1. Which value at 222 nm does the chain reach when only helices count, each DSSP H run of 4 or more adding -39,500 (n - 2.57), with the total divided by all residues and rounded to the nearest 500 deg cm²/dmol?
2. Rounded to the nearest Å, what's the spacing between the alpha carbon centres of the range 378-411 and the range 299-344? Just the number, please.
3. Projected onto the charge dipole of the range 334-409 (+1 at Lys/Arg Cβ, -1 at Asp/Glu Cβ, origin at the Cα centre), which of Gly392, Ala338, Ala375 gives the Cα projection farthest towards the positive end?
4. Can you find, among Gln324, Ala138, Tyr403, the residue farthest towards the positive end of the dipole of the chain? Put +1 on the C-beta of Lys and Arg, -1 on that of Asp and Glu.
5. Could you give the nm distance between label points at Ala358 and Ser149, where each point is 7 Å from its Cα heading toward the beta carbon?
6. Name the shape class, rounded, prolate or oblate, that the alpha-carbon gyration tensor gives for the range 334-409, where a ≥ b ≥ c are the square roots of its eigenvalues, rounded holds for a/c under 1.5, and otherwise prolate holds if a/b is larger than b/c and oblate otherwise.
7. Mind giving me the nanometre distance, one decimal, between the label points for Glu32 and Tyr78, set 7 Å out from Cα along Cα→Cβ?
8. With +1 on each Lys and Arg Cβ and -1 on each Asp and Glu Cβ, how big is the dipole of the range 334-409 about its Cα centre, in debye rounded to the nearest 20?
Amino acid sequence: MSGCGCDGHDLHPVDQVIEHLLSRAPAPPKIEQVALAAALGRVLACDVPAPSDVPAWDNSAMDGYALRAADLPIEGGYLPLAGRIAAGDSGQARLLAGHAVRIFTGAPLPPGADSVVAQEDCRAEGTGVWLPAVKPGAHVRKQGEELCSGALLLTAGQRLRPQEIGLLASIGMAQVPVYRRLRVGLLSSGDELREPGQTLAPGQIYNANRFSLGAVLRSLGMEVHDYEVMADDLSASRDALSLAASEWDMLLTSGGVSVGEEDHLKQAIRELGQLHLWRLAIQPGKPLAFGEVGGKPWLGLPGNPAAALITALIVARPFLLRAQGRSAVMPQPLQLSAGFSWLTPRSRRQYLRARLVADGAGQLSVQLHPQQGSAMLSSACWSDGLAVIEIGQTLQVGEAVTYLSFAQLLH
Ligand code: AMP
Ligand code: MG
């Protein structure tokens, strides 16, 4: 990347870095067929056109009576009944002129009928029924009114939600072409790290990032391959990174990318492959690095747990989604009223742990957690999103502030 901060002191703007990452995103994984019931959250790999009109034939939207509207006078009237059609019946028989037919929701409209009256508006009497006047087309679901045969239903690159799964079922698809899940090698670095369940010696801490970053990847629908913690040692880091790169589609690490003597990952990457960029104008998360090992992309997130989480959601996510085959990868920012002021301009873009609070009238405002330290995960738990403050920006209470919800960032 031009003006690379690898050796200099300039910080890369976040948007440029995301663009740069997207330009280097690998092609999506291979296509595989999965059973529809197992396709939730997967990324569709082919466009899906409607194989026929939806609905495929005119049918009743109500339980009631089907008729020809012109057979009734303006004040309504009595028509003799000429049969009964339930959902699942073939509905081939023609409606006799001057008659009505008992019909149920989803049943095919018989040829000759053009409208349906709901049963609660009618009165059955003897072998016929009293009906109010009706307009042609009333309570009829017309063939093709939702979709015409050949219309594009879903496009490649969409993540399948319950509604897409239902739509695919409604056109009879039992198997769905999706991209194989992206396989991400997840590594943490730091001699101080122990796993939950182990006993801590003085100076040690638990490995939070293995779990939070693994959870982010799984939330995004990816496969996670965990490794032992990398020791703070150049050759150990090199060995671990080259092994992981030989096994998976890409590597995500946390820690070891800052400026300390114990931060070896950038050097390991330089020796094994290429370091494309380092250091972003972002807070938290400045030390983020990006490179490649053996042709596999590597994203080096900072070690501080909140910084690792936030950079995973803001910087890594679009790249990971694109590599997974998703077409829409950027979150949709909202502009909402700030419930706080921001009076000191900063030289890095701020991603602040925040949540939405509704006042008595249901008006939302963005509130900040008072603790924004890059190691602090508890404030991320209090939050349901991030407020974004641009470089140099100041803000008064009530002004619009950009807000990104975790719900969106974890999807
Ligand atoms: P580093 O970037 O390796 O200098 O780490 C920055 C800070 O984050 C240090 O306080 C580390 O102890 C902490 N840290 C690094 N990795 C993890 C992790 N996996 N879980 C929790 N804290 C971590
Ligand atoms: Mg470290």
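1. Calculated mean residue ellipticity at 222 nm is -5000 deg cm²/dmol.
2. About 10 Å separates the Cα centre of the range 378-411 from the one of the range 299-344.
3. Final value for the positive-end residue is Ala375.
4. Ala138
5. 4.7
6. oblate
7. According to this spin-label approximation, the distance is 6.8 nm.
8. 260
Read-outs throughout are calculated quantities, based only on the coordinates presented, and are distinct from any laboratory measurement. Just so it is clear, the model here is predicted, and its values are computed rather than measured. Don't worry about glycine lacking a Cβ; one is built from the backbone with ideal geometry, like all the others, and counts go over all protein chains shown.
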